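As structure tokens, the structure follows; a few thoughts come after it.
The values are calculated or read from the model by the stated rules, or taken from the named source; none is laboratory data. Everything numeric in this text was worked out from a predicted model, so none of it was measured. When we count neighbours, we look across all protein chains shown, and the Cβ atoms used for this are built from the backbone with ideal geometry, even at glycine.
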Ligand code: NDP
Ligand code: 2IT
């Protein structure tokens, strides 16, 4: 049996009931076959894949907090410290009722490769809780965050593990978490990224994932003789990534006609008015269906179905496995020629395979959404320097990092004889750096 197949079986057997983790490992290992086969003896002897697919540490803890009725609630808290070969653990925290070990391991595994692609010295980690911030008061969110950090603080630090935001964790939550870390440790340090601008946050971090997604999309289009101007764009989700992807896409001449959330999707044939979406989502923390109250010519449809809207470019920016094989077929049938993933693993394996087979322009999440963590890395640099750069300085660095990631993925795809396959290219380019570091550091 090949080393790849052997390791995949081992991962499935040793991590039962973790479908998202299995899915992420399989996709990556399958696309690394060429590299692994070429180095099989060396990698086997060093147990590279056994180590690469096993998190260095999974921390799990109880998070008790008191709700507004005076009742004690208990949630699960986790931090997965996946791989520290090229730097201290780095990755977001997700607060969503679906959070479990499988999802956090898939995210930590992907993060390791993503962080490698940025070219910055960051290892991979991810954490979170099954806490649902929806419908909670600010005081309840604070109580939860303080309790979460009261456990987490002993496992993190500016040179050991630096969490940030993800689904359900934005500026408000990072602020509460930072305050509690400072209180527990007495340290004022860059232990979290995505902080407020007046306490160590970086300009552009809020916009970074969405802007970065459009920078790499634009680069991919240009390199293939296409452009964003005049193209119809679908954006799923309506959170941090979705909003700023749409903002930059519109700035570059694209026409964004749809957004969604877990209740349904809106279609505005005249082009989404982003200030309306921002008011609903960023100010009122409302639902996307409220858009049609402000823009009566737009239509809200309950449930899934955003990918049935005809488009040129699709940007899934909500969550894992939100775009399946049927959706992929529909997009292709409607003439969609480019997909860039703002979310982590939003396309199912079958959907991804179809996009690659049909040779549309497809940029996988670990490359396409790396602008967020890259800008977190820039926030860490500014904190270490006790300085802050201007918006233009950070934005320029982000742009360059995204262009470089495109070049790395394109180059690795060429080198391994699959030009234009950025899935394989991104996985190989991310993996090479991590594996070289693991080999150099011996058995650890
Ligand atoms: P937010 O919490 O700001 O927004 C998430 C959006 O996705 C919301 O509109 C939410 O709808 C929707 N959504 C989440 N879960 C589901 C679900 N199970 N079904 C349907 N809709 C869902 O998160 P972000 O924008 O930060 O994250 C979006 C994606 O981007 C995630 O995959 C995340 O891992 C990834 N990402 C984020 C980065 C960042 O810097 N924030 C960096 C790189 C990747 P609702 O409000 O109804 O739940
Ligand atoms: O998935 C991701 O890359 C993030 N949620 C951002 C992580 C970070 O450390 O900024």
Note to self: Among the listed residues 289, 278, identify the single one that is within 30 Å of residue 138 (Cα to Cα), at pLDDT 95 or above and touching a strand residue (DSSP E or B) at 6+ places or on another chain (Cβ under 7 Å).
What the structure shows: 289
Next item on the list: For residue 406, state whether it is at pLDDT 95 or above, touching a strand residue (DSSP E or B) at 6+ places or on another chain (Cβ under 6 Å) and within 21 Å of residue 314 (Cα to Cα).
Entry: no
Note to self: Tally up the residues in the stretch 408-432 that are in contact (Cβ under 8 Å) with a residue 60 or more places away in the chain, surrounded by 21 or more Cβ atoms within 10 Å (Cβ to Cβ) and closer than 21 Å to residue 42 by Cβ, please.
What the structure shows: 6
Margin query: Could you tell me how many of the residues in the stretch 350-374 are away from ligand 1 (no atom under 16 Å from the Cβ) and either outside any loop (DSSP other than H, G, I, E, B) or over 10 Å from residue 314 (Cβ atoms) (or both)?
Written below: 10
Margin query: Pull out all pairs, ordered by first then second residue, where Cβ-Cβ is under 7 Å, the residues are six or more apart or on different chains, the first lies in the stretch 316-336 and is touching a residue at least 40 places away in the same chain (Cβ under 8 Å), and the second is outside any loop (DSSP other than H, G, I, E, B) and surrounded by fewer than 23 Cβ atoms within 10 Å (Cβ to Cβ).
Written below: 320/20
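Looking at 212, 254, 239, 264 in this structure, which one is away from ligand 2 (no atom under 16 Å from the Cβ), within 19 Å of residue 319 (Cα to Cα), at pLDDT 95 or above and surrounded by 16 or more Cβ atoms within 10 Å (Cβ to Cβ)? Spell out the reasoning first.
Numbers: 212 fails: away from ligand 2 (no atom under 16 Å from the Cβ); 254 fails: within 19 Å of residue 319 (Cα to Cα); 239 fails: away from ligand 2 (no atom under 16 Å from the Cβ).
After applying the criteria, what remains is 264.
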Checklist line | Filtered residues of the stretch 152-174 (kept if part of a helix (DSSP H, G or I) and buried (at least 18 other Cβ atoms within 10 Å of the Cβ)) | finding: 152, 153, 173, 174
Note to self: Checking residue 326 against (1) buried (at least 16 other Cβ atoms within 10 Å of the Cβ); (2) more than 16 Å from ligand 2 (Cβ to nearest atom); (3) not in a strand (DSSP E or B): exactly one of these is not met. Which one?
What the structure shows: (1)
Notebook entry, point to check: Among the residues of the stretch 81-101, is there at least one that is more than 16 Å from ligand 2 (Cβ to nearest atom), surrounded by 15 or more Cβ atoms within 10 Å (Cβ to Cβ) and assigned to a helix (DSSP H, G or I)?
Noted result: yes
